[in-house]
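Everything on this sheet refers to the single structure shown next.
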Amino acid sequence: MTRMFNFSAGPAMLPTAVIQRAQQEMLDWNGSGMSVMEMSHRGKEYMSIAGKAEQDLRDVMAIPDNYKVLFLQGGASSQFAMIPLNLLGDKTSADYINTGMWSKKAIAEAKRYCDVNIAADTSDNGFTTVPTQAELKLNPDAAYVHYVANETIGGVEFDYIPDTGDVPLIADMSSTILSRPVDVSKFAMIYAGAQKNIGPAGLCIVIIRDDLLGKAADNTPTMFNYKVHADNDSMYNTPPTYSWYMAGLVFEWIKEQGGLEAMAKVNKRKAEKLYAVIDSREFYGSPVAKNGRSWMNVPFTLADADLDAAFLEGAAEQGLITLKGHRSVGGMRASIYNAMPEEGVDALVAYMQAFAKRQSS
Ligand SMILES: *Cc1c(COP(=O)(O)O)cnc(C)c1O
C-alpha cells in the first residue's frame with residue numbers, strides 16, 4: 001500500500017489511523033452485525049455514535065453549553081443563504097468582510113435577502129491581506145457580522161478575532177476549524193464544511209448560540225431552519241450518517257493526539273517550515289502579507305511560471321500530489337490540514353529545495 005502526501009484543499013487527507021479504524025468496523029460495527037452505513041439513524045447503535053461524536057467535538061473545542069452543535073447537509077455553501085434567512089430577525093442589513101472568493105460567495109447570496117454593508121474589502125490588493133480591526137467599518141445596527149476566518153483559495157487567515165461589540169459575529173471556519181484552539185464564546189455562530197479538516201464531504205457543522213434560534217423568516221424552507229435541526233438533534237430528516245460517524249472518529253483521533261493545543265503546535269511548525277523555504281529563495285514567492293498567512297492553505301509561486309508543469313510533475317514522482325494552485329490564483333497551493341503528517345511537509349520542503357537548486361545550476 002502506498003499513501004500519497006495529498007495536498008488537496010478539499011476533500012482532503014484524513015488521518016490514516018481513522019481510515020483504518022473505519023475499515024476494521026466496515027462490515028460489523030461493534031458487534032452489531034451491521035455497517036454504520038446500514039444503520040437506522042434512530043436506532044440505539046447509531047444514536048450512540050452520533051452522541052459521542054457531538055460530545056467529543058464539544059470537548060475538543062470546549063464548546064459552552066449554551067451553544068447547539070448541528071450536523072447538517074448542504075455544505076458550507078448552504079449556510080450562505082441560511083445565515084440571513086435565520087439571523088436577520090427584524091433587521092434589514094448585515095455586515096460582511098470581503099477577504100476572498102468564499103467571502104464573495106457569501107456576500108452574493110446574502111444580497112438576495114438583505115442590504116449588505118461591506119465592512120472591509122481587500123480586493124484592491126488581490127486579497128493578499130487581512131484588514132485590521134481599525135479598518136473595519138462596522139454598522140452598530142447590523143443583524144450580524146460575517147467573515148471567513150481562513151480563505152482557502154487565497155491562503156489568507158485572520159490573525160485575530162474581530163471585535164464586533166454587541167453585534168453577533170459569524171465565522172466561516174471551513175478550512176481552519178480544529179487547527180488550533182479557539183474561544184467559541186466570542187462567536188454567535190461558527191460553521192464549517194467537513195471535507196477540509198473534519199472528515200468526508202457531505203457534512204457541515206454549525207455551532208450556534210441558542211438565543212439566536214427561533215427568528216427565521218416566515219418563508220424559510222423547513223430544511224433551512226436552524227431551529228428545526230436544533231430541536232430535532234440534527235435528525236429532522238436523515239442526516240449524513242456515515243460522514244457524521246467518520247467525523248466522530250476524527251474527533252477521537254484529535255483527542256488522542258492531545259487536543260487542539262497539540263494540533264496547533266504541529267500545524268504552526270508545519271506552516272513555518274513551508275514559509276521558510278518559500279521566503280529563503282528568490283525562486284519561490286508567497287503572495288500573502290506575513291500577518292495574514294494561513295497555517296492550512298499555503299499558496300506559493302515559482303519566479304518562472306514556465307517551470308510550473310515540471311515542478312508538479314517532479315513532485316508527483318515523489319508522491320507529493322495535488323499541489324496545483326486554484327485556477328483563479330495560479331501557481332501552487334499546499335493544503336496542510338491536521339491530517340497531513342509533518343513528514344509530508346518535510347518531504348515537500350526537501351523537494352522544493354532540490355528543485356530550485358537543480359534549476360539554478
Ligand atoms: C470549501 C469552502 C466552502 C464551501 O464548502 P462546501 O461544503 O463545498 O459548500 C465555503 N467556505 C470555505 C472557507 C471553504 O473553504
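What follows is calculated from the coordinates using simple rules that are stated; it is not laboratory data. Keep in mind it's a predicted model, so treat the numbers as computed, not measured. FYI the Cβ positions are ideal-geometry reconstructions off the backbone, even for glycines, and counts take in every protein chain you see.
Miscellaneous remarks
- Length gained when the stretch residue 183-residue 326 is fully extended (0.36 nm per residue, less Cα-Cα span): 48.4 nm
- Length gained when the stretch residue 233-residue 346 is fully extended (0.36 nm per residue, less Cα-Cα span): 36.5 nm
- Qualifying lysines (Cα of each under 16 Å from Cα of residue 255; at least 8 residues distant if same chain): 52, 265
- Partner aspartates and glutamates whose Cα lies under 20 Å from the Cα of residue 227, excluding those fewer than 8 positions away in the same chain, are identified as 54, 65, 90, 172, 210, 211, 218.
- Residues of the stretch 174-211 with amide N under 11 Å of the 7 Å Cα→Cβ point at residue 257: 178-180, 197-198
- Using the Cβ-Cβ distance between residue 210 and residue 276 with R0 set to 51 Å, the FRET efficiency from 1/(1 + (r/R0)^6) comes to roughly 0.70.
- The 3J(HN,Hα) values that the Karplus relation (6.51, -1.76, 1.60; θ = phi - 60°) gives for the stretch 93-98 are, in residue order, 9, 9, 8, 10, 9, 9 Hz. Gly and Pro appear as x.
- Distribution of pairwise C-alpha distances over the stretch 168-210, 10 Å bins, in %: 30, 55, 15
- Value of Rg to Rh for the stretch 232-310 (Rh from inverse mean 1/r over Cα pairs, i.e. Kirkwood): 1.19
- A Förster radius of 35 Å, combined with the Cβ-Cβ distance separating residue 359 from residue 123, puts the computed FRET efficiency at roughly 0.60.
- Cα→Cβ-extended label distance, 7 Å offset, between residue 77 and residue 2, nm: 3.3 nm
- Our compactness index for the stretch 17-257, the C-alpha radius of gyration over the empirical 2.2 N^0.38 Å, is 1.03.
- Stokes-Einstein diffusion coefficient of the stretch 110-161, Kirkwood radius over Cα pairs, 25 °C, 0.890 mPa s, in µm²/s: 199 µm²/s
- Couplings 3J(HN,Hα) for the stretch 27-39, derived from phi with the Karplus relation 6.51 cos²θ - 1.76 cosθ + 1.60 (θ = phi - 60°), are 8, 8, 7, 6, x, 7, x, 10, 6, 4, 5, 9, 8 Hz, where x marks Gly and Pro.
- The eigenvalues of the Cα gyration tensor, multiplied by 5 and square-rooted, give the stretch 221-361 an equivalent ellipsoid with semi-axes of 37, 18, 15 Å from largest to smallest.
- FRET efficiency estimate (nearest 0.05) - Cβ-Cβ, residue 305 to residue 35, R0 35 angstrom: 0.15
- Near-label residues of the stretch 228-252 by backbone N, under 16 Å of a point 7 Å along Cα→Cβ of residue 21: 242-252
- Over 25 Å (Cα to Cα) - which of 111/137; 91/111; 68/111 fall in this group: 68/111
- Separation of alpha-carbon centers, the stretch 108-160 and the stretch 53-94, rounded to whole Å: 18 Å
- Taking a ≥ b ≥ c as the square roots of the Cα gyration tensor eigenvalues, the stretch 1-146 comes out prolate, since a/c reaches at least 1.5 and a/b is larger than b/c.
- Other residues lying with their Cβ under 9 Å from the Cβ of residue 86 contribute a combined charge of +2, Lys and Arg counting +1, Asp and Glu -1.
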